[in-house]
1. Quick check on this structure: which one of Tyr119, Tyr142 is of a type outside the set (Gly, Ala, Ser), at pLDDT 90 or above and within 22 Å of the chain's Cα centre (by Cα)?
2. Does region 91-122 hold any residues that are more than 22 Å from Asp69 (Cα to Cα) and surrounded by 10 or more Cβ atoms within 10 Å (Cβ to Cβ), and which are they?
3. Six or more apart or on different chains, Cβ under 9 Å: which pairs go from a residue in region 93-110 that's over 15 Å from Gln77 (Cβ atoms) to one that's among the hydroxyl-bearing types (Ser, Thr, Tyr) and not in a strand (DSSP E or B)? Could you list them?
Amino acid sequence: MKFLVIFAIFVAVASAQFPNVRRPLPPPSQPPRPAAPVSRSSNDQTANIIRYDNDINPDGSYSYAFETDNGIAAQEQGTPRDFGGNPPIIPDVAQGSFSWVSPEGEQVSISYVADENGYQPQGNAIPTPPPVPPQIARALEYIERNAPRK
């Protein structure tokens, strides 16, 4: 009897954690309803995927792309490259981009290449350092020219 009570409690807790797992199917006599038109979502929690592509080839190359209705998009292509060695070193060389709309409404886009030289992003959201003031540049040149030699 204890086992039955514990099992019933376990089932009740599990079904409370996942209320949307079981959805009834429409009766076969009803025709399927047409899909709702895709509209731009302003809420990230209710975003829908409007495009998804994914290709993986036998040689190890791949590509994927997706886009959501709230302005998020990403795409990447990659190919393996053999750098030789024993065992051979075969890292992927990838290039791609991703974008989203900031809370201020600005389109943010980043493109990148990832290869043997590391991850190299470019885009309008990547901070850039300010230029070195001329006085500091001259001081650094002076220190480099007049550094004591060992």
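The values are calculated or read from the model by the stated rules, or taken from the named source; none is laboratory data. Predicted model only: the values in this text are computed from it and were never measured. Note that each Cβ is placed from the backbone with ideal geometry, even for glycine, and that neighbours are counted across all protein chains shown.
1. Tyr119
2. Restricting attention to region 91-122, the residues satisfying the condition of being more than 22 Å from Asp69 (Cα to Cα) are 91-95, 112-122.
Of everything in region 91-122, those that are more than 22 Å from Asp69 (Cα to Cα) and surrounded by 10 or more Cβ atoms within 10 Å (Cβ to Cβ) turn out to be Pro91, Asp92, Val93, Ala94, Gln95, Tyr112, Val113, Ala114, Asp115, Gln120, Pro121, Gln122.
3. Val108/Ser102
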